[in-house]
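Undergrad: Sending over a structure as structure tokens; questions will come in a sec.
Readers should treat all values here as calculations from the given coordinates under stated rules, not as data from a laboratory. If you're wondering where the values come from, they're calculated on a predicted model, not measured in any experiment. Cβ sites come from the backbone with ideal geometry, for glycine too, and all protein chains shown count toward neighbours.
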Amino acid sequence: MGNDNVLIITGLTVICHRSSVIEMKTHTYNTNLQWTGNTGKGTENYRGYERSHIISVEGKPAIEASSDPSFRGDKSKYNPEEMFVASLSSCHMLWFLHLCSDASVVVLEYSDAALGKMMESNDGNGKFAEVILHPVVKVKEEWMIEKTAALHDKAHHFCFIANSVNFPVRHEAVCIF
């Protein structure tokens, strides 16, 4: 935050940045993870255990997960990288729908084929380089098409998850009626 001063009050964060004050509510998210890949000898041997695990949140269906198959994971289960890209896609969509509703733009259908690019170095370290969202939106009337580009930009500005990453998140949207 550089020259920012931060004051945290339970449930509220106040950030003083130069001459402005920004109040921010705090939201808390709790998840549970249980490794299910012990085949009998734990992590005694790198190739001897599974990367399978269960992700859960109280009151919601559990998610069976593993690592990417490139890292000895189970290709039939979700991996953290896929879920990360899906989180960016989902966040953008939810903000876009909200903003369309506020702008009287009626969305009838929405789909996205998001693409995340992760780079891996020779030592196994890695990071995402970019995520490109490809939303396809169907609106109720032709005049609404023109408004959607600005609403996608605004959704990008508001997406909490996109605001939290240190790589570009772009969108290449298509809108039809």
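Undergrad: To the nearest 10 degrees, how steeply does helix 80-102 sit against the main Cα axis of the chain, on a 0 to 90 scale?
TA: Between the helix axis and the principal axis of the chain, the angle is about 20 degrees.
Undergrad: Which log10 I(q)/I(0) values does the chain give at q = 0.18, 0.19 Å⁻¹ under the Debye formula, counting every alpha carbon as one identical point scatterer?
TA: The Debye formula, applied to the Cα set alone, gives -1.21, -1.24.
Undergrad: Considering only DSSP beta bridges with both partners in the chain, what is the antiparallel share in %, to the nearest 5?
TA: Of all bridge pairs located within the chain, approximately 80 percent are antiparallel.
Undergrad: If you don't mind, there's one more thing I want to ask. Tell me, what ³J(HN,Hα) does each residue in the stretch 166-177 have, in order and in whole Hz, if you take phi through Karplus 6.51 cos²θ - 1.76 cosθ + 1.60 with θ = phi - 60° and put x for Gly and Pro?
TA: Listing the rounded values in order: 10, 9, x, 10, 10, 10, 10, 8, 10, 10, 10, 9 Hz.
Undergrad: What is the sum of charges around residue 106, taking Lys and Arg as +1, Asp and Glu as -1, for the other residues whose C-beta is under 13 Å from the C-beta of residue 106?
TA: That works out to -1.
Undergrad: Something else: Show the residues, 5+ positions off or on another chain, whose built amide H is closer than 5 Å to the amide H of residue 171.
TA: When sequence neighbours closer than 5 places are left aside, the close amide H contacts are 133.
Undergrad: Got the relative contact order for the stretch 18-158 handy, in percent, Cα pairs under 8 Å and 6 or more residues apart?
TA: For the stretch 18-158, the relative contact order is 15 percent.
Undergrad: For the chain, what is the mean residue ellipticity at 222 nm derived from helices alone (per DSSP H run of n ≥ 4: -39500 (n - 2.57); sum divided by total residues; nearest 500 deg cm²/dmol)?
TA: About -7500 deg cm²/dmol.
Undergrad: Next question, about the same structure. Under unit Cβ charges (Lys, Arg +1; Asp, Glu -1), what dipole magnitude, rounded to 20 debye, does the chain have relative to its Cα centre?
TA: 260 debye
Undergrad: Quote the Stokes-Einstein diffusion coefficient, in whole µm² s⁻¹, for the stretch 40-145, based on the Kirkwood radius over alpha carbon pairs, a temperature of 4 °C and a viscosity of 1.567 mPa s.
TA: 77 µm²/s
Undergrad: I need the phi-derived Karplus couplings for the stretch 61-67: 6.51 cos²θ - 1.76 cosθ + 1.60, θ = phi - 60°, integer Hz, Gly and Pro marked x.
TA: Going residue by residue, I get x, 6, 10, 7, 9, 7, 8 Hz, with x marking Gly and Pro.
Undergrad: Quick one: which residues, 5 or more positions from residue 112 or on another chain, have an amide H under 5 Å from its amide H? H modelled 1.01 Å from N in the peptide plane, none for Pro or chain starts.
TA: 136
Undergrad: Tilt of helix 143-158 relative to the longest C-alpha principal axis of the chain, in degrees (0 to 90, nearest 10)?
TA: That helix lies at roughly 50 degrees to the long axis.
Undergrad: What net charge is computed for the residues neighbouring residue 115, neighbours being all others with C-beta under 13 Å from the C-beta of residue 115, Lys and Arg scored +1, Asp and Glu -1?
TA: Value of the local net charge: -3.
Undergrad: Right, another one. For residue 130, list long-range residues whose amide hydrogen, built 1.01 Å from N in the peptide plane, is under 5 Å from its own amide hydrogen.
TA: Those lying under 5 Å, H to H, from residue 130 are 117.
Undergrad: Once the other residues with Cβ under 15 Å from the Cβ of residue 140 are scored (Lys, Arg +1; Asp, Glu -1), what is the net sum?
TA: It works out to a net charge of -2.
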